[in-house]
Amino acid sequence: MTQADDRILETLADTDLILSPRVLEANIDYSRHYLSTRLGKLRDAGLVDRVDEGLYQITDRGRAYLEGELEAEELEK
C-alpha cells in the first residue's frame, strides 16, 4: 500500500461518491495515469469496486482497511 492508496480510499470514503481517476486527479495531486494504476491494484485487493468503465467506489473491505481492521500485510497475501 502506498500513500496514494490511502488518499484514494480516504477520498472515496469521505465523499461516498463513485469517482473517476480524472476527478481524483483534480483533488489529490497524483496523475490520472498513476491513479488508474493504483485503482487497479486496489480493485485486485478488493478495496474498491469498478462500477462502470473508469468509475470506482470504496468497498466494505476498503472501509475496514481505513478503520484499521485490516493490515496492509494482509492485503498483499
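The values are calculated or read from the model by the stated rules, or taken from the named source; none is laboratory data. No experiment lies behind these values; they were computed from the predicted model shown. For neighbour counting, all protein chains shown are included, and Cβ atoms are generated from backbone atoms with ideal geometry for every residue, glycine included. Heavy atoms of the whole protein, side chains included, go into the accessibility calculation; ligands, DNA and RNA do not. Shrake-Rupley method; radii C 1.70, N 1.55, O 1.52, S 1.80 Å.
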- Message: Being of a type outside the set (Ser, Thr, Tyr), surrounded by 14 or more Cβ atoms within 10 Å (Cβ to Cβ) and farther than 19 Å from ALA64 by Cα is the filter here; which residues of the stretch 6-26 pass it?
- Response: LEU19, PRO21, VAL23, LEU24, GLU25
- Any chance THR59 is touching a strand residue (DSSP E or B) at 6+ places or on another chain (Cβ under 9 Å) and among the β-branched types (Val, Ile, Thr): yes
- Message: I need the full set of residues from the stretch 1-30 which are free of Cβ contacts under 8 Å to residues at least 40 places away in the same chain, among the β-branched types (Val, Ile, Thr) and either in a helix (DSSP H, G or I) or closer than 16 Å to LEU75 by Cβ (or both), in order please.
- Response: THR2, THR11, THR15, VAL23, ILE28
- For GLY40, state whether it is under 14 Å from ARG7 (Cβ atoms), surrounded by 11 or more Cβ atoms within 10 Å (Cβ to Cβ) and either small (Gly, Ala, Ser) or within 11 Å of the chain's Cα centre (by Cα) (or both). no
- Message: Can you tell me which condition ALA72 does not meet? The list is (1) without any contact (Cβ under 8 Å) to a residue 60 or more places away in the chain; (2) over 11 Å from the mean Cα position of the chain (by Cα), and all the others hold.
- Response: (1)
- Note: among GLN3, GLN57, just one is among the polar types (S, T, N, Q) and surrounded by 15 or more Cβ atoms within 10 Å (Cβ to Cβ), namely GLN57
- Query: Mind checking which residues of the stretch 65-74 are out of contact with any Lys or Arg (no Cβ under 9 Å at 6 or more places or on another chain), among the aliphatic types (A, V, I, L, M) and surrounded by 14 or more Cβ atoms within 10 Å (Cβ to Cβ)?
  - Reply: LEU66
- Item | Filter result (open to solvent by 60 Å² or more (accessible area, probe 1.4 Å) and farther than 15 Å from MET1 by Cα) within the stretch 43-54 | ASP49, ARG50, VAL51, ASP52, GLU53
